[in-house]
1. So how long is each side of the chain along the principal axes, counting just the alpha-carbon atoms, biggest first, in Å?
2. Report the charge-dipole magnitude of the chain in Debye, nearest 20, computed about the Cα centre from +1 at each Lys and Arg Cβ and -1 at each Asp and Glu Cβ.
3. Which angle from 0 to 90°, rounded to the nearest 10, does the C-alpha axis of helix 41-50 make with the longest principal axis of the chain?
4. Round to the nearest 10 and report in Å² the accessible area of S71, as given by a 1.4 Å probe over the protein chains' heavy atoms.
5. Run the accessible area of the chain with a 1.4 Å probe and give the carbon-and-sulfur part as a rounded percent.
6. Defining a contact as two alpha carbons under 8 Å apart and six or more residues distant in sequence, what relative contact order in percent does the chain show?
7. Loop-only check: which trypsin sites (Lys or Arg not before Pro) in segment 1-56 are DSSP coil with at most 16 other Cβ within 10 angstrom?
8. Are there any GluC sites (Glu not before Pro) in segment 1-55 that are in a DSSP loop and have at most 13 other Cβ atoms within 10 Å? List them by number.
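The values are calculated or read from the model by the stated rules, or taken from the named source; none is laboratory data. As the structure is a prediction and not an experimental result, all values here were calculated from the model. Every residue, glycine as well, gets a Cβ built from its backbone with ideal geometry; the counts of neighbours run over all protein chains shown. The protein model used for the area step is the full one, side chains on, heavy atoms only, and it has no ligands, DNA or RNA in it. Shrake-Rupley method; radii C 1.70, N 1.55, O 1.52, S 1.80 Å.
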Amino acid sequence: AMEKPEQPDNLKLISGIGPKLEQVLNGLGVWTYGQIASWGREEIAWVDDYLSFKGRIDRDDWIGQATKLASGGTKH
């Protein structure tokens with residue numbers, strides 16, 4: 001978790017993340033694509049379990065999407 005950056009990323013650009021889920025992630029201290037892109041198996045499992053997603057993070061490829069956005073995607 002980290003403090004809210006001055007310009008947090010628009011996590012809703014990741015397919016599978018809507019406004020409510022973005023708020024939940026922000027509440028967990030997740031603000032940037034880079035944070036999601038750097039998640040390892042343990043972080044994915046913890047968030048998946050915490051949100052009762054049953055594998056949705058992998059199915060929607062949040063890590064891949066976040067990696068692309070962090071490396072040059074647009075911020076809206």
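1. Taking max minus min along each principal axis of the Cα atoms, the chain gives 30, 22, 21 Å.
2. On the way: 9 positive and 11 negative charges, 49 e Å.
Dipole size: approximately 240 debye.
3. The angle comes out near 80 degrees.
4. In the full protein context, S71 sits at about 90 Å².
5. Answer for the chain is 51 percent, counting heavy atoms of protein chains only.
6. Working: 66 pairs, mean separation 28.5, N = 76.
For the chain, the relative contact order is 38 percent.
7. Listed in order of number, the matching sites are K54.
8. Of the GluC sites (Glu not before Pro), the ones in loops of segment 1-55 whose Cβ has at most 13 other Cβ atoms within 10 Å are E3, E6.
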